[in-house]
Amino acid sequence: MADTSPQRPARTLVLIDASGFIFRAYHAIPPLSTSKGVPTNAVLGFTRMLLKALRELPHSHVAIAFDKDSRVERQKIDPTYKANREATPPDLLPQFEHIRRVVDVLNLRVVEASGWEADDVIGTLARRGREAGFDIKVVTGDKDFVQIVQDGVRLFDPMNDRITDTAAVKERLGIEPRQMRDYLALIGDAVDNVAKVPGIGPKTATELLTQFGDVETLLSRLDEVKKPKIREALGAHRESLLRARQLVTFNTELPLDVALDDLVWREPDARRARDLFTELEFFALLRDLPQEEAPQVAPLVTTTTFVTTEDEVKALADAVRVAGDVTLIPAFEGMPFAAALVGMGVSLPEGATRYVPLRHQQLGVAQVRPEAFVSAMKPVLEDAAIKKGGHDLKALTLLLATEGIALRGGQDDVELLSYLLNPSRREHALPDLARERLRAELPALPAVTEGRKGRALADHAPDEVGAAYAVRADAARRMAPELWRELEAANLASLARSMELPLLPILAKMERRGVKLDVPELALISARVDSEVTAREKACHAAAGHEFNVGSNPQLAQVLYEEKKLPILKRGKTGPSTDQEVLEKLADEHGSELARAIIEYRSLSKLKSTYLDTLPSLVARDGRIHTTYHQAATATGRLSSSDPNLQNIPVRTEVGREIRRAFVAEPGHQLVSADYSQVELRLLAHIAEDPVLIDAFLHDEDIHSRTAAEVFGVTPAQVDREQRRVAKMVNFGIAYGLSPHGLSTRLGISQESARDVIERYFTRYAGIRRYLLETVEKARKVGYVETLYGRRRLMGDLHSKNRGVAQAAERAAINMPIQGTAADLMKMAMLAVEDALRQEGLRTTLLLQVHDELLFEAPDAEVEAVKALAARCMSSVAQLKVPLKVDVGAGRSWADAH
DNA sequence: CCCCACCCGTAC
DNA sequence: GACGTACGGGTGGGGT
């Protein structure tokens, strides 16, 4: 009977067969690597197994055993032992080191014995542990270990959750555990080159062992073996059988240099584990780690020197010139294009970090006159040969531009560099990067609120804020080299150097220039829409029979579905949906006046609240709107725009176009618009090398008609409107990973016909199908997708167990190379355009980028030249298998330029 | 008064 | 869930 006395805590020794699991994990998990290209499949499988075993098995003591020159001893018995094992695969070799690191951070005690296998180490520890009264659990998937099973010694296979004890062995194999050695010797092991006795398989082996007990008895009583064939075989292979049994027998008497007390389990080193898992990109496993205790505060610098006199600023400028490298974090308030520079945190490769107070408001604080700062620093800041670092160099560029300084030499923008390494990441905030990359907590910046509670930044004394900014500069400077190493390793460095960093000052210039808004014109539209919205709201109330908040979806749902008893066609997370698709159906198919009225109300109030009411308030004193472009925001490499977002100004509806009429050129100027035609579809043709699609673009056909002709088996001239509409939808959806369901709801056709259309599309455009499949397959294998120019997006969710998540990731993987390459092309076009404008000495400026469109403001005299220049630059930015078509137009307003 | 999730809608 | 990438407004619930 088991000891049930409560006084004695269970002492369980867990023994882990590391070597066995490494190979199992390697073969069980498809090739996988980090974004840096480090192979990790075996490490991941091994780590998962390890964590699972520790999670599921009670353990007071733990040891992990590795092979060490493991063939030496057994090859003394048989030189061919394991001789036909294939060499370790090249992508497994480098993973051993990381496995050791995992074991190390988990604080597991490694036990190994030179010349012996992990099997023997575990056999020895199991025997000693059992003798000392431990309960033993052996974590392994190897059947050889059955031989050490006994009362109190069990096997656990974390890959299938199987526990093997004495009873299980008897049931599964029909033998006692101690007979396993004899059993294995009889049936042999081809993989390890352990000879078998020919003609004997598992069945016969079990029979023989049941009758005779072990190999010695069997051989001594050979004449009792009934079947002559078996008897002869045993007689003929007597020697090899005994040798085989020697080979498979664990040595449980190794002189291990470890005491059982040394194996006491210790908590993992959570912080180091976190770092290692982050490095290996085992993000799902991070959750399994114990949370970190209080964040460790590691001040990066001990001293911040305050630069408060003109001489000191001059000395600083000299130091920057000597170092050839400076990292700057500005303290400012307001929007960057029109902000006051309050101070500057500065870090140099050598020496203390500095803070230069410029516009602190407190009386009597020592600070530098802004003019003195500018005159001293301008030469070094404008010198492209002096490398600049920071976090969001575009903001710095804008701030310095306001001071009359044109920042050049920007290179180490850690936000931008971090983005290129992982564009899916939501934020690249400096404190987060410092925590991850430097294991340092940045001090909080002073609370700055414009409201009643906080004070403006300038109201804080320099010594309150200076160190915080200086430390940030120090942190940014220190993480830059490693970022570049990672970029080099991922082949992203040239993208950073030749595309993103040169684009940065161009974006700054666009933001600074802004686009003129005709506020009175907008006000006219607004007044008209205002009364329309009110009328529509009244119509909604009338249709409902009472007043309610038309803008409230819950209230609307109540009216539609509870009061009017209309059918619920779609549900969201929190209730029945009231989106446009649903309302259209309710209006058309159920004759709902209210639904129709809501649709009209919605479209107008959207325009009113988002654009008409908002845009005028964002007009700066110069009468222009200064958006902010985000270069480190999207997962595909596109830019985004905010405050306001000028990339979603309406264009499709009449009222929407009127809003574009309020975006105007200065007197004597025109807006010039140049946009890529069908750029994503053209890129799809090029990247997928689809002959049909390429042919269509080479002949500049109406691509939707051509697709309709292909899909419906008619000539392009025979295509009717409906067929073209279907084809157009397919063309748009194809790069988004469209589904029969999605297409059917969008087209209002059945899922079957949608499926049929898609199938016929892929039959005609076989290259596209192949490309889409290959893209997903490769993404699964390498863990990322990339554009023609090497921009990468990490794609972890492809392996999600949640099917929906995995499928969404597949669609994203399909889309990214297309959307991302289009973004790359546009960025290169912007560089080319800016260069050409300067070369030709034109005064035209680039104002806006809307993914596939560039908007310029050109003096009247330059309009035609700019139209030609833009078309030329944009279409010649890459030589593809299809031409890049560019449409250009010009006019007084954005609407007129189209 | 701020923050957030949610729904919805605008762009490409 | 249901076709990719964004930003942002309103509501309504929660918190300070």
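How many residues, within the stretch A:107-147, are out of contact with any strand residue (DSSP E or B) (no Cβ under 7 Å at 6 or more places or on another chain) and either outside the structural domain of A:Ser19 (by TED's automatic domain parsing) or part of a loop (DSSP other than H, G, I, E, B) (or both)?
Result for the stretch A:107-147: 8.
Report, ordered by the first and then the second residue, all pairs with beta carbons closer than 7 Å, sequence separation of six or more or different chains, a first member in the stretch A:797-809 that is under 14 Å from A:Gly783 (Cβ atoms) and modelled with pLDDT of 90 or more, and a second member that is within 12 Å of DNA strand C (Cβ to nearest atom) and open to solvent by less than 80 Å² (accessible area, probe 1.4 Å).
The qualifying pairs are A:Leu798/A:Ala806; A:Leu798/A:Ala809; A:Leu798/A:Glu810; A:Leu798/A:Ala813; A:Ala809/A:Met795.
If you take the residues of the stretch A:642-655 that are open to solvent by less than 60 Å² (accessible area, probe 1.4 Å) and more than 10 Å from DNA strand B (Cβ to nearest atom), which of them is nearest to A:Glu680 (Cα to Cα)?
By that ranking, first place goes to A:Ser642.
Would you say A:Thr252 is assigned to a helix (DSSP H, G or I) and not basic (Lys, Arg)?
Spelling it out, it is not the case that A:Thr252 is assigned to a helix (DSSP H, G or I) and not basic (Lys, Arg).
Quick grid of which residues meet (1) under 21 Å from A:Leu348 (Cα atoms); (2) surrounded by fewer than 22 Cβ atoms within 10 Å (Cβ to Cβ); (3) modelled with pLDDT of 95 or more; (4) not assigned by TED's automatic domain parsing to the domain that holds A:Thr308:
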| site | (1), (2), (3), (4) |
| --- | --- |
| A:Leu417 | yes, no, yes, no |
| A:Asp432 | no, yes, no, no |
| A:Arg455 | no, yes, no, no |
| A:Asp459 | no, yes, no, no |
| A:Ala473 | yes, no, yes, no |
| A:Arg477 | yes, no, yes, no |
| A:Trp484 | yes, yes, yes, no |
| A:Pro502 | no, yes, yes, yes |
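If I go through the stretch A:231-268 residue by residue, how many of them are open to solvent by less than 70 Å² (accessible area, probe 1.4 Å) and not β-branched (Val, Ile, Thr)?
Taking the stretch A:231-268 and keeping what is open to solvent by less than 70 Å² (accessible area, probe 1.4 Å), we get A:233-235, A:237, A:240-242, A:244-245, A:247-252, A:254, A:256, A:258-260, A:263, A:268.
Filter again for not β-branched (Val, Ile, Thr), leaving A:233-235, A:237, A:240-242, A:244-245, A:247, A:250-251, A:254, A:256, A:259-260, A:263, A:268.
Selection size over the stretch A:231-268: 18.
Select, from A:Glu710, A:Glu752, A:Glu759, A:Glu666, the only residue that is on the phi < 0 side of the Ramachandran plot, outside the structural domain of A:Gln807 (by TED's automatic domain parsing), more than 16 Å from DNA strand B (Cβ to nearest atom) and of a type outside the set (Gly, Ala, Ser).
Values: A:Glu710 fails: outside the structural domain of A:Gln807 (by TED's automatic domain parsing); A:Glu752 fails: outside the structural domain of A:Gln807 (by TED's automatic domain parsing); A:Glu759 fails: outside the structural domain of A:Gln807 (by TED's automatic domain parsing).
Exactly one residue qualifies, and that residue is A:Glu666.
Restricting to the stretch A:561-592, name every residue that is more than 19 Å from A:Thr745 (Cα to Cα), touching a helix residue (DSSP H, G or I) at 6+ places or on another chain (Cβ under 9 Å) and within 14 Å of DNA strand C (Cβ to nearest atom).
Result: A:Thr574, A:Gly575.
Any residue in the stretch A:47-59 that's on the phi < 0 side of the Ramachandran plot: show its pairings with residues that are assigned to a helix (DSSP H, G or I) at Cβ separation under 6 Å, as long as the two are six or more apart or on different chains.
Filtered contacts from the stretch A:47-59: A:Thr47/A:Val102; A:Met49/A:Phe21.
Yes/no matrix, rows are residues, columns are (1) at pLDDT 85 or above; (2) part of a loop (DSSP other than H, G, I, E, B):
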{"site": "A:Pro31", "(1), (2)": "no, yes"}
{"site": "A:Lys36", "(1), (2)": "no, yes"}
{"site": "A:Gly45", "(1), (2)": "yes, no"}
{"site": "A:Lys68", "(1), (2)": "yes, yes"}
{"site": "A:Glu73", "(1), (2)": "no, no"}
{"site": "A:Lys76", "(1), (2)": "no, no"}
{"site": "A:Lys82", "(1), (2)": "no, yes"}
{"site": "A:Arg85", "(1), (2)": "no, yes"}
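Got a number for residues in the stretch A:34-55 being touching an Asp or Glu at 6+ places or on another chain (Cβ under 8 Å) and either open to solvent by 10 Å² or more (accessible area, probe 1.4 Å) or basic (Lys, Arg) (or both)?
Residues flagged as touching an Asp or Glu at 6+ places or on another chain (Cβ under 8 Å) and either open to solvent by 10 Å² or more (accessible area, probe 1.4 Å) or basic (Lys, Arg) (or both) within the stretch A:34-55 amount to 5.
Please work out which one of (1) of a type in the set (S, T, N, Q); (2) touching a Pro at 6+ places or on another chain (Cβ under 7 Å); (3) within 30 Å of A:Ala632 (Cβ to Cβ) is the condition A:Gln367 fails and give its number.
Looking at each condition in turn, A:Gln367 falls short on (3).
Being at pLDDT 95 or above and in contact with a Ser or Thr (Cβ under 6 Å, 6 or more places away or on another chain) is true for just one of A:Val877, A:Val866. Which residue is that?
A:Val866
Return the only residue of A:Ala620, A:Ala632, A:Ala595 being of a type in the set (A, V, I, L, M, F, W, C), touching a helix residue (DSSP H, G or I) at 6+ places or on another chain (Cβ under 7 Å) and without any contact (Cβ under 8 Å) to a residue 40 or more places away in the chain.
Numbers: A:Ala620 fails: without any contact (Cβ under 8 Å) to a residue 40 or more places away in the chain; A:Ala632 fails: without any contact (Cβ under 8 Å) to a residue 40 or more places away in the chain.
The match here is A:Ala595.
Go through (1) buried (at least 19 other Cβ atoms within 10 Å of the Cβ); (2) part of a helix (DSSP H, G or I) and name the single condition A:Lys378 misses.
(1)
Among the residues of the stretch A:15-29 satisfying the criterion of being open to solvent by less than 20 Å² (accessible area, probe 1.4 Å) and either modelled with pLDDT of 85 or more or of a type outside the set (A, V, I, L, M, F, W, C) (or both), which is farthest from A:Leu794 (Cα to Cα)? Outline the logic, then answer.
Within the stretch A:15-29, the first condition is being open to solvent by less than 20 Å² (accessible area, probe 1.4 Å), and the residues that meet it are A:15-19, A:21-22, A:25.
Now restrict to residues that are either modelled with pLDDT of 85 or more or of a type outside the set (A, V, I, L, M, F, W, C) (or both): A:15-19, A:22.
Values: A:Leu15: 36, A:Ile16: 33, A:Asp17: 33, A:Ala18: 29, A:Ser19: 30, A:Ile22: 25 Å.
The qualifying residue farthest from A:Leu794 (Cα to Cα) is A:Leu15.
Name, by its number, the condition in (1) more than 10 Å from DNA strand C (Cβ to nearest atom); (2) among the polar types (S, T, N, Q); (3) at pLDDT 95 or above that does not hold for A:Thr636.
(1)
The values are calculated or read from the model by the stated rules, or taken from the named source; none is laboratory data. Bear in mind the structure is a predicted one, so any value in this text is a computation, not a measurement. A quick note on method: Cβ atoms are made from the backbone with ideal geometry, for glycine too, and the neighbour counts reach across all protein chains shown. When the accessible area is computed, the model is the full protein with side chains, heavy atoms only, and any ligands, DNA or RNA have been set aside. Shrake-Rupley method; radii C 1.70, N 1.55, O 1.52, S 1.80 Å.
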